[in-house]
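Accompanying notes for the structure given below.
The values are calculated or read from the model by the stated rules, or taken from the named source; none is laboratory data. Worth saying up front: this structure is predicted, and the values here are computed from it rather than measured. Cβ: placed from backbone, ideal geometry, glycine included. Neighbour counts: every protein chain shown.
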Amino acid sequence: MDTTPSRPFKQRLQQIEAFVFDNDGVFTNGTVFLMPGGEQVRTASTRDGYAVQHAAKCGVRIAMISGGRSEEVVRRMNGLGVTEVIMGASEKLGSFESLCSRWGLQADQVCYMGDDIPDIPVLQAAGLACCPNDAVPEVRAVSDYVSPMPGGTGCVRDILEQAMKVKGLWMNDRAHAW
């Protein structure tokens, strides 16, 4: 059994070069409103959106891997500066490994945030496993960091803001513009 103490969370954030997020339950609160005609509507946090676009402008690599297939999600992410948006991923680990390869990064240089059972293989592979505070117990058990924020209400901003502060990128000349 390995008894080596884990590096402190803030120190681990310094080693992270990219962030990958799930969508439903992370960027959203997991609630889907079914509209007449079958359209599915979700809510998302503008504060998460601000942090994502600010990080993207600062050169932080960000991606999303989702099992969903919503073109609206792709448009929102692209509008925030996220160009790596993988939709319809029935098995997320392969998509995560492909991203790492394209970026030239090892998995231990990447943070992943997910909230449900399909996220567990990626959480176990990532260098820093994070989840919102309303993630399922199985995800919380394998996460290195549990945000105090629930999905869809700031958990994405929480991790990005902390990482950018550690790297001196949070309050810079790009921070005051959307």
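Scanning the stretch 136-154 for residues that are in contact with a strand residue (DSSP E or B) (Cβ under 7 Å, 6 or more places away or on another chain) and either within 19 Å of GLN11 (Cα to Cα) or not charged (D, E, K, R) (or both) gives VAL139, VAL142, SER143, ASP144, TYR145, VAL146, SER147, GLY151, GLY152. Screening the stretch 136-178 for residues that are touching a helix residue (DSSP H, G or I) at 6+ places or on another chain (Cβ under 6 Å) and basic (Lys, Arg) and picking the one that is nearest to ALA56 (Cα to Cα) gives ARG174. Please work out which residue is surrounded by the fewest Cβ atoms within 10 Å (Cβ to Cβ), limiting yourself to the stretch 15-55 and to residues that are of a type in the set (A, V, I, L, M) and at pLDDT 95 or above. Of everything passing the filter in the stretch 15-55, ALA18 is surrounded by the fewest Cβ atoms within 10 Å (Cβ to Cβ). For ALA126, the conditions (1) surrounded by fewer than 19 Cβ atoms within 10 Å (Cβ to Cβ); (2) within 26 Å of GLY59 (Cα to Cα); (3) in contact (Cβ under 8 Å) with a residue 40 or more places away in the chain all hold with the exception of (1).
A single member of GLY151, GLY67, GLY88 is part of a loop (DSSP other than H, G, I, E, B), over 30 Å from ALA177 (Cα atoms) and touching a Pro at 6+ places or on another chain (Cβ under 8 Å), and it is GLY67.
If the condition is being surrounded by 13 or more Cβ atoms within 10 Å (Cβ to Cβ) and either free of Cβ contacts under 8 Å to residues at least 24 places away in the same chain or hydroxyl-bearing (Ser, Thr, Tyr) (or both), then the stretch 101-123 contributes ALA107, TYR112, ILE120, LEU123.
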